Amino acid sequence: MKVIVLGSAAGGGFPQWNCNCPNCDGIRKGTIQAKARTQSSIAVSDNGTDWVLINASPDILAQIKATPALQPGRKLRDTAIVAVMLMDAQIDHVTGLLMLREGKPIPLYCTASVWEDLSTGLPLTKVLSHYCGVDRQELLVDTNNAHTVQVPGVTNISFTALPLKSKAPPYSPRRNAPGPGDNVGLLIENTVNGKKLFYAPGLGEIEPHIMNAMREADCVLVDGTLWTDDEMIRLGLSKKTSADMGHLPQSGPGGMIEILDALESPRKILIHINNSNPILNENSDEAAMLARHDIEIAFDGMEINL
Ligand code: MLT
Ligand code: MN
Ligand code: ZN
């Protein structure tokens, strides 16, 4: 099973268009060592020809251009993207759907809650019905019973969505009344060798079933949004804490580093990294601390084979 990180940044990307925080300003001026990153998305395939796009970021066109495997050029109109699967209804994970409008109806795997948000607060499915349309495929979520799906046309991979605590988007009626299905994590299994990836770009709280999924995985690719809870506030960028946005920060007691330290076997990688996060500066103490804990930082174009 091949996994390509198409985009490793959180909403806004890195550098963010209007931001002059130390990281964004530093990468523009070349005064820090850092890699530019597009917004959060991965692609998964068994044969390298047929891919499931997981999250459709606003940067999808640039991501496809940077990833030749996604455009095999077999006929006049073509794509290697067989289906799209969504982890939530946030702008950085869904608005790329609009850029796929010239194609065939998009097989779209998402939960009932995400479908509702995409039919009301951010009605992309209605807009797309005037273009390619979407072929709705429901992702069922249940803490106690795993619902596993296979995507027709994509062999030897199964997908299990797990409900988790993060945040529905600000335009969702459930922003302050969360329910299962607003946000999910995915256990993605190579059904030939049993190897598993756990993917959760938004993860606010580690519930027992999530810890179990992370233990089961050979690789975890998880929320790396912010280093500290009050990072955006301290930098004067926003009034929101990491918790307000549904993201578990890396540092401090109960933070992601501590959680990942408790896992023995999997390869550990952070994704969905906000432009304010000091780990983006490759020479920072924070990046060095992650390295000491055997935690990697995803970058655009990173490939994971499982
Ligand atoms: C989030 O992950 O919290 C959102 O994507 C933030 C945003 O895009 O504004
Ligand atoms: Mn996001
Ligand atoms: Zn910034």
Legend entry - Enumeration of residues in the stretch 86-108 that are surrounded by fewer than 22 Cβ atoms within 10 Å (Cβ to Cβ) and either modelled with pLDDT under 95 or in contact with a Lys or Arg (Cβ under 9 Å, 6 or more places away or on another chain) (or both): E102, G103, K104, P107
Legend entry - Test set (1) within 30 Å of S113 (Cα to Cα); (2) surrounded by fewer than 21 Cβ atoms within 10 Å (Cβ to Cβ); (3) within 16 Å of ligand 3 (Cβ to nearest atom) - A9 fails condition number: (2)
Legend entry - Index of the failed condition, E216 passing every other in (1) in contact with a Pro (Cβ under 7 Å, 6 or more places away or on another chain); (2) surrounded by fewer than 17 Cβ atoms within 10 Å (Cβ to Cβ): (1)
Inset, instruction - Quick one: count up the residues across the stretch 246-265 that are modelled with pLDDT of 95 or more and either in a loop (DSSP other than H, G, I, E, B) or within 16 Å of ligand 3 (Cβ to nearest atom) (or both). - result: 12
Legend entry - Any chance A43 is within 13 Å of ligand 2 (Cβ to nearest atom) and aliphatic (A, V, I, L, M): no
Legend entry - So P123, is it within 15 Å of ligand 2 (Cβ to nearest atom), without any contact (Cβ under 8 Å) to a residue 60 or more places away in the chain, out of contact with any Cys (no Cβ under 6 Å at 6 or more places or on another chain) and not aliphatic (A, V, I, L, M): no
Inset, instruction - Considering only the stretch 189-245, state which residues are in a helix (DSSP H, G or I) and either within 16 Å of ligand 3 (Cβ to nearest atom) or not hydrophobic (A, V, I, L, M, F, W, C) (or both). - result: P208, H209, N212, R215, E216, E231, M232, I233, R234
Inset, instruction - Check G301 against each of (1) closer than 29 Å to A146 by Cα; (2) in a loop (DSSP other than H, G, I, E, B); (3) in contact with a Ser or Thr (Cβ under 9 Å, 6 or more places away or on another chain) and name the one condition it does not meet. - result: (1)
Inset, instruction - State which residue pairs qualify: first residue more than 14 Å from Q150 (Cβ to Cβ) and free of Cβ contacts under 8 Å to residues at least 60 places away in the same chain and inside the stretch 35-55, second residue basic (K, R) and away from ligand 3 (no atom under 16 Å from the Cβ) in any location, beta carbons under 8 Å apart, and separation of 6 or more residues or different chains. - result: G48/K2
Legend entry - Leading residue by the ranking (surrounded by the fewest Cβ atoms within 10 Å (Cβ to Cβ)) among those in the stretch 59-85 that are touching a residue at least 40 places away in the same chain (Cβ under 8 Å) and part of a loop (DSSP other than H, G, I, E, B): A66
Inset, instruction - Return the only residue of L140, L162, L187, L97 being closer than 21 Å to H272 by Cα, in contact with a His (Cβ under 7 Å, 6 or more places away or on another chain) and of a type outside the set (K, R). - result: L162
Inset, instruction - Would you check if there is a residue in the stretch 271-293 being touching a strand residue (DSSP E or B) at 6+ places or on another chain (Cβ under 6 Å), away from ligand 1 (no atom under 15 Å from the Cβ) and assigned to a strand (DSSP E or B)? - result: no
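The values are calculated or read from the model by the stated rules, or taken from the named source; none is laboratory data. Since the model is a prediction, treat every value here as computed from it, not as a measurement. Cβ atoms come from the backbone with ideal geometry, glycine included; neighbour counts cover every protein chain shown.
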